[in-house]
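Structure provided below as structure tokens; questions to follow.
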Amino acid sequence: MDRLDLGALSLHFLALWFVAVGGPSTILPEIHRYVVEVNHLMTSTQFAEIYTLAQVAPGPNVMYVTLIGWQLAGWAGAAATTLPLLVPASTLTLLVGHLNERYPNAPIGRAIRRGLTPITIGLMFASATILIRAVNHDWRGYLITLLTVALVLRKPWNPLWLLAAGALAGIVGFV
Amino acid sequence: MTQTEPDRPQIGAFTLFLTFSWITLSGFGGVMFWARRVLVERRRWLTEREFVDLLTLGQLLPGPNVLNLTVMVGHRFGGWTGAAAAVAGFLGWPCLVVIGMGILYQRYGALPQVQQALAGMSIVAAGLLLATVIKLAMVLPRRWRPWLFGTLAFVGVGVLRWPLLWVMGALAPWAVAAAWKENE
């Protein structure tokens, strides 16, 4: 893809959102594959940095999708990645929300939830490994990643403090 | 469940817009916490139980789960205009903020200090995601089947780097059918 084809980009995101059960982290591997590995529109490091920027901003973490679109093609790019996720998902939600109020205990709902949860977790694990490989270049980076995991699992701290500590570690040249 | 529609209060579109703007703009590092606090504790639009039910349903549907919750709450209290107003408040501001950060990134992202700070934060952000996954995985039942499906999804998408649509197309119907059988 020499010139960015916005139509193809938004169609790809549209297809993605129908399988994005479990939230925006499950489609990260696929967006990375499409944007970085297949079409070479940005580097893996840029991808990870954009993800991080969106994490630092207020709002839902799905905003990394908007920012990737914006980075690729400005406002049109942001619309091309964000709207395909917004419109079909919201419409379906309204429809199912309505059905659910009528039939709150349908067994098919339970089966879908129980069946898809493990897949969602597997996909999020894939996202985490892709990001970890994109951002870490030596043992010090891996050490900080592990330390972050240990702290989050043990302490109820606001993640923003950890991000600030990471920024500091970067500025003083530790990583 | 009995029909409770008649006594459900109607809430104006502007109030919905403001409330969801407030939720999303307080949501540094995750909006779920603030959604619960505002909708259940402050505004008392939902009971604890209703909140969990809507959130679970939002998780089950494609799309970000808190966005799905926003759509359902907006629709429940304000119809179609309410849903649109809630979503506009919930997504509009973060969109502007994040694009503002994108502009700063394009302008100053190449400065050495900014590069170093971003590199450090990115390492932490990757760790935060891994920690979230571990927390979620701890509530999976200790049986072989869920772990098998999780592992297959990870290997297909994360290691072999196959397209997500193929992997989901192959795994999802199989996993749901297996869970359906277990129910019976």
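Where does helix A:63-102 land angle-wise versus the long Cα axis of chain A, in degrees 0 to 90, nearest 10?
Between the helix axis and the principal axis of chain A, the angle is about 40 degrees.
Shifting gears a bit: Please report Rg (one decimal) and Dmax (integer) in Å for the Cα set of segment A:67-175.
20.0, 58
Right, next: Against the longest principal axis of chain A, how steep is helix A:139-154, in degrees 0 to 90 to the nearest 10, with axes from Cα atoms?
Helix A:139-154 sits at roughly 50 degrees to that axis.
Given R₀ = 25 Å, what would the calculated FRET efficiency be for B:L148 paired with A:A106, taking r from the Cβ atoms and rounding to 0.05?
0.45
In degrees between 0 and 90, to the nearest 10, how far off the longest principal axis of chain A does helix A:159-171 point, with axes built from Cα atoms?
With rounding to tens, the tilt is 30 degrees.
If r is the Cβ-Cβ distance from A:V38 to A:W75 and R0 is 30 Å, what FRET efficiency results, to the nearest 0.05? Kindly include the intermediate steps, with their values, before the conclusion.
On the way: r = 24 Å, r/R0 = 0.80.
The value I calculate is 0.80.
I would also like to ask the following. So how long is each side of segment B:33-99 along the principal axes, counting just the alpha-carbon atoms, biggest first, in Å?
Largest to smallest, the principal-axis extents are 36, 24, 24 Å.
Ok, one more. Could you give the length gained on full extension between B:W162 and B:N183, defined as 0.36 nm per residue of separation minus the Cα-Cα distance, in nm?
So the chain would gain 4.5 nm between B:W162 and B:N183.
Next question, about the same structure. 7 Å from Cα along Cα→Cβ at both B:V52 and A:A15: what's the point-to-point distance in nm?
A separation of 3.9 nm, rounded to one decimal place.
Mind pulling the per residue volume of the convex hull built on the Cα atoms of segment A:1-127? Å³ is fine.
About 113 Å³ per residue, rounded to a whole number.
Turning to a different aspect of this structure: Kirkwood Rh and Cα-based Rg: tell me the resulting Rg over Rh for the protein assembly as shown, rounded to two decimals.
Working: Rg = 20.0 Å, Rh = 20.9 Å.
In the protein assembly as shown, Rg relative to Rh is 0.96.
Over all alpha-carbon pairs of segment B:116-184, lay out the pair-distance distribution in 5 Å bins, whole %, shortest bin first.
3, 14, 16, 19, 19, 13, 7, 4, 2, 1, 0, 0
Could you state the per residue volume, in Å³, of the convex hull enclosing the Cα atoms of segment A:83-139?
106
Something else about it: For segment B:52-184, what D do you get in µm² per second when you plug the Kirkwood radius from alpha-carbon pairs into Stokes-Einstein at 20 °C and 1.002 mPa s?
114
Every number here is computed from the coordinates shown, using simple stated rules; none is lab data. All values derive from a computational prediction rather than experimental measurement. Note: ideal-geometry Cβ built from the backbone for every residue, glycine included; neighbour counts use all protein chains shown.
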